[in-house]
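Participant: Supplied in structure tokens, the structure appears directly below.
Please treat every number below as a calculation from the coordinates, not as lab data. Only a predicted model underlies this, so the values are computations on that prediction, with no experimental measurement involved. Cβ: placed from backbone, ideal geometry, glycine included. Neighbour counts: every protein chain shown.
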């Protein structure tokens, strides 16, 4: 079941995000030393609390029947017509169960219900498998940007809703 995240669930969200993104860090050789701003290392309870309370970002989780958080995503409003999808993730032990598909479809529905027409996302460009997954969901690749503080290239994608 997908539902909105409650304040008291923020610590669990931070854990799920870090654990989920750590597999990417391991696959591509990212460490806290060479990529301290990468999601697996930079996501903290305090940061998510700021997103939740100050930025008022909508946050959603996929919960098991026993109410265990298995997946997560948040949205950030860019303007009246565009929202950015952030930190979509599924715990490694629950991947390939269709949870990511359900989360992305839920995100599309919610952004449309907000009256927006476009969703944007940033990815690790070198993660070809992830890029292909987003392309299979209708995202178009817009380009890349290299930042000095990341040992990877950031890829940018968008989907018209």
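Participant: Using alpha-carbon pairs under 8 Å, 6+ residues apart, how would you state the relative contact order of region 105-155 in percent? Don't jump to the answer; show the numbers that get you there.
Facilitator: Details: 37 pairs, mean separation 16.8, N = 51.
Rounded, it is 33 percent for region 105-155.
Participant: Given only helices, namely DSSP H runs of n ≥ 4 each adding -39500 (n - 2.57), what is the per-residue ellipticity at 222 nm of the chain, to the nearest 500 deg cm²/dmol? Working shown, then result.
Facilitator: Numbers: 5 runs with 56 residues, N = 161.
My calculation for the chain gives -10500 deg cm²/dmol from helical runs alone.
Participant: So if I average 1/r over every pair of distinct C-alpha atoms in region 23-161 and take the inverse, what Kirkwood radius in Å does that give?
Facilitator: Details: mean 1/r = 0.0627 Å⁻¹.
Answer for region 23-161: a Kirkwood hydrodynamic radius of 15.9 Å.
Participant: Neighbour counts of other C-beta atoms within 10 Å: give me 133, 83 arranged from fewest to most.
Facilitator: Numbers: 133 15, 83 25.
Starting with the residue having the fewest Cβ neighbours, the order is 133, 83.
Participant: Counting only the backbone N, which residues of region 109-131 are under 20 Å from the spot 7 Å out from the Cα of residue 142 toward its beta-carbon?
Facilitator: Once the point is set 7 Å along Cα→Cβ of residue 142, 109-128, 130-131 turn out to lie under 20 Å by backbone N, inside region 109-131.
Participant: OK, next. Considering only DSSP beta bridges with both partners in region 2-120, what is the antiparallel share in %, to the nearest 5?
Facilitator: On the way: 15 of 18 bridges.
Taking every DSSP beta bridge within region 2-120, about 85 percent pair in antiparallel fashion.
Participant: For the chain, with a Gaussian network of springs between Cα atoms less than 10 Å apart, report the residue from 38, 28, 62 with the top mean-square fluctuation.
Facilitator: In this elastic network of the chain, the residue with the biggest mean-square fluctuation among 38, 28, 62 is 28.
Participant: Let me ask something else. Ranking 50, 60 by Cβ neighbours within 10 Å, fewest first, what do you get? Each step should come with its number before you reach the end.
Facilitator: Working: 50 12, 60 20.
Fewest-to-most ranking of 50, 60: 50, 60.
Participant: Just rank 152, 147, 63, fewest to most, by other beta-carbon atoms within 10 angstrom.
Facilitator: Values: 152 20, 147 10, 63 16.
Sorted ascending by nearby Cβ count, the order is 147, 63, 152.
Participant: Cα centroid distance between region 1-46 and region 89-140, in Å?
Facilitator: So the separation of the two Cα centres works out to 16 Å.
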